[in-house]
1. Please compute the Kirkwood hydrodynamic radius over region 228-314, one decimal place, Å, based on all pairs of different Cα atoms.
2. With every protein chain kept in place and ligands, DNA and RNA left out, what is the accessible area per residue of region 397-463? Probe 1.4 Å, answer in Å².
3. Evaluate the Debye formula for region 335-459 with equal point scatterers sitting on the alpha carbons, no solvent, and hand back log10 of I(q)/I(0) at q = 0.12, 0.21 Å⁻¹, in q order, two decimals.
4. Find the Rg to Rh ratio for region 672-745, where Rh is the Kirkwood radius over alpha-carbon pairs and Rg uses the same atoms.
5. Roughly speaking, to the nearest percent, how much of region 523-575's 1.4 Å accessible area is carbon and sulfur?
6. With a cap of 16 neighbouring Cβ atoms within 10 Å, and only residues DSSP puts in a loop, list the chymotrypsin sites (Phe, Trp or Tyr not before Pro) found in region 371-439.
7. Counting only protein heavy atoms, what percent of the accessible surface of region 673-760 is carbon or sulfur at a 1.4 Å probe?
8. Could you list which residues have their amide H under 5 Å from that of Gly684, counting only those 5 or more apart in sequence or on another chain, with H placed in the peptide plane?
Amino acid sequence: MNSSPIHPFTHFLPTFNGRYFLKITVIWLVYISSPLFGYAQGLNLNIDQKPTTNTDTVKMADSLKVKPLGIEQQIQQTQSFLNTLQEIQTNMMRSRDTSFLREEIPVMELVLTRIREQALIEESTVNLRFLNELENLVIGYQLQVNGWQKEINENVDQLIVSGEKLINIGKTSLSAEEILDKGALQGYFQQKEILKNKFAYVDSIYSIKRNKGLEIQTRLTGIKIELDEILESLRSRQRDFRRNLLKRDSPYLWEVHSSGIKKPLTLVIQETLTLNRLILKHYLQSKYGWLFFILVVSILAYFGIRNMIRRISHTKDFSHLILERSKYLRYSPFLGTALIVFTIIPYLLSFPPYLLILACLLGSVLSTTFLIRIVLDQQAMLLWILMVMAFLVFGASNLITQMAHQEKWYLLGFSGIGIAIGLQVLSLIKKNPATFPANLSYLIYFFLLMQIVSIGFHTIGRFSLGKILGVASTLSTMQGISLYVFVLVLMEAIYLQSELSKENQKDYANYLNYQAIYSRMKKIFSFLALFMWFYLLLVNFSLNQTLGDQLWSFLQADRTFGNTTFTYGSILIFFLLIWISSVLAKNIAYFASIRDSQNTGPREKRLGSSILLIRLAILTLGFFLAVTASGLSLDKLAIVLGALSVGIGFGLQTIVNNLVSGVILAFERPIQVGDAIEVGGRSGVVKEVGIRSSTLQAYDGSELVIPNGDLLSQHLVNWTLSDKKRRVELMVGVAYGSDIEKVHEIIEKIVTQEEILSFPSPNILVHNFGDSAVEIRILFWVANFDDWIQVKNKVLREIYSAFTAENIVIPFPQRDLHIKSGQLNPNSKKNGEEQ
């Protein structure tokens with residue numbers, strides 16, 4: 001007897017003809033529709049599935065007994081395998097094609113071989129700048145190889161999963177024993193044949209992909225190891241070069257005949273151009289996406305600025321005043337856009353080659369040249385052109401990859417020209433300081449000092465150090481001036497956009513608001529420009545990578561204080577994010593308050609005290625970002641907050657009261673920026689609702705800082721809470737005997753004018769019989785609280801003129817003195833006469 005279980009109807013199939021087969025088919029359909037078959041199908045047994053044992057004493061022969069699947073289950077399993085194979089094939093086809101690496105890897109290997117042959121041998125005469133260039137190139141290669149390895153590893157992981165599925169399919173289906181008559185179910189066996197062919201096809205694709213992946217993975221691993229070795233060798237040569245900077249590497253200036261020139265300068269320049277062109281070409285090949293993005297953004301920025309100027313000139317009533325404050329962009333939107341783009345590009349790309357940095361710097365200098373011609377006189381413009389020529393010479397000299405002592409005389413000549421130009425610029429600044437930037441003299445002093453020191457090092461045979469100082473001072477000075485114009489152009493663009501965004505075409509920023517906005521924006525962008533200038537100065541001194549590595553190591557080193565481990569980097573990140581969030585919150589609130597103060601619409605359309613909520617949201621978000629980015633423990637933070645709560649309970653009650661009051665003011669909104677209020681006997685317009693205190697602009701020009709707690713605890717009068725209407729009350733006295741009806745008629749005619757509301761209607765009332773006049777009380781409403789003083793003035797002047805014309809007397813206090821002479825004594829009379 002066969003140990004394998006047999007299906008109940010299998011042994012009938014060979015002996016039945018077509019009629020009996022039809023009967024068996026009907027019985028089979030009844031069987032599969034029964035609950036018993038549903039239960040068996042729910043077990044979902046596979047032919048290679050291991051049996052489950054309840055005890056450890058089960059025999060090995062019993063554990064190997066596996067019941068074959070039914071025909072229906074095999075059909076379903078085959079279809080499932082076909083779907084799995086199709087999924088595997090689709091995933092392998094969708095995986096990123098790495099065939100390009102077969103072209104990229106040999107090029108990278110060739111470049112690395114050239115670096116070893118030309119820069120790392122002992123006889124090489126490459127300079128420090130070129131070593132830094134190669135270091136940036138190798139670091140860029142490392143980042144690129146790491147990205148490739150990540151993609152390859154993802155593909156390999158996916159291939160591993162696909163391989164496991166293929167092995168499972170091969171074991172389960174293709175090696176299964178056939179137990180059915182092939183003549184009975186031809187469709188099923190055709191499906192099995194399709195599965196075999198599909199499996200063979202997918203397995204072949206898998207093998208090809210796997211072999212290619214292993215080959216590329218192996219080569220990338222070797223390249224990564226070689227990159228690490230070359231980078232360490234380059235940094236070792238850099239350290240040696242910096243240690244020997246103060247050593248004499250060229251003849252003294254009076255020993256030119258013993259210079260020992262090895263290569264002609266033309267050959268050195270030719271090799272320099274070839275190497276720099278190859279480095280730039282290879283770098284740009286991986287940055288086409290970034291370059292296309294920058295090009296599109298530049299075109300959009302140009303047309304946006306141009307359209308902005310056109311719309312202002314056509315739609316704004318005070319367009320001439322607005323455009324007068326934007327002299328550079330009004331003169332040339334193209335040059336302004338070019339200056340912005342050329343200035344920003346080197347900071348958007350990772351490890352750009354020096355030729356690209358110099359090209360962007362040249363573009364910004366040329367853009368600045370054509371922009372500042374509208375503000376400089378002829379003498380200053382001539383000096384600037386001479387500085388541009390010196391910039392070209394020093395910049396081209398810095399591209400040279402080898403130590404070429406022949407260029408010493410060119411550098412010395414232009415250093416002397418630069419010193420003469422600097423002295424002349426200082427004299428122009430002293431004559432007319434208002435024409436030049438306030439800090440330009442400090443930049444010129446820096447330039448003169450570096451050039452003088454450079455000439456000194458050239459004289460005593462320190463060619464490399466003298467060249468570094470001359471190049472760095474010239475390029476940094478030109479970049480500093482270009483950055484100053486860059487800040488002005490950037491602020492002009494923001495100012496024009498803010499003016500264009502105003503809905504009322506007659507609105508424009510008044511002079512005081514413009515100066516306040518200009519000063520605040522200039523501080524922010526000047527700090528950004530200073531950071532950009534300092535970074536490029538380090539690049540020119542070839543110190544950016546070295547100082548960056550040392551600073552990174554210092555900030556990331558673990559420090560221990562008691563049981564707490566921290567790094568200076570986490571502390572720096574924490575306070576830096578807190579500072580950035582506070583600056584953002586402060587400036588956003590400032591510009592929002594200015595926009596609110598210029599909004600003459602309804603109170604509900606203004607931000608008002610909601611600006612405080614914006615500040616709180618920015619500060620809160622900045623705090624949590626700082627905590628997250630710095631890696632501070634929430635448990636330790638809770639301890640700190642608990643300690644602060646104790647301090648709050650003892651000594652910070654007033655501050656916390658003001659803080660909470662500020663939040664209440666923000667939500668309840670009893671006051672908003674621009675509201676006219678009275679509190680504590682002082683009146684004015686709300687200028688700012690802060691977190692701890694609010695600022696009130698008094699009508700006499702003073703600014704009153706009121707704690708938020710006082711705004712809630714004291715009686716607060718808000719003249720503009722619901723609307724800006726105000727009732728004006730006037731008291732006018734007329735002499736006794738005046739015609740009251742005529743007086744009423746005159747006043748009623750005066751108060752029926754455009755500035756006075758007809759509803760509620762004005763009231764003219766006889767208020768009191770005074771000592772010397774009949775007092776008339778006049779009540780009327782004005783639509784705008786800000787205009788009530790002018791309306792009051794107008795009404796009083798017209799009343800006075802009308803009363804004068806109608807001979808109605810406005811009396812002043814009079815007293816009659818009656819003296820009874822009989823009651824006076826002689827002495828009193830005498831004294832009275834003497835008086």
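1. It works out to 18.9 Å.
2. 46 Å²
3. -0.54, -1.34
4. With Rh from the inverse mean 1/r over Cα pairs, Rg/Rh is 1.26.
5. 72 percent
6. none
7. Using a 1.4 Å probe with all protein chains present, region 673-760 comes out at 51 percent carbon and sulfur.
8. Ile677
The values are calculated or read from the model by the stated rules, or taken from the named source; none is laboratory data. This one's a predicted model, so the numbers in the text were calculated from it and none came from an experiment. All Cβ positions, glycine included, derive from the backbone under ideal geometry; neighbour counts span all protein chains shown. Areas reflect the complete protein model, heavy atoms only, side chains present, ligands, DNA and RNA absent. Shrake-Rupley method; radii C 1.70, N 1.55, O 1.52, S 1.80 Å.
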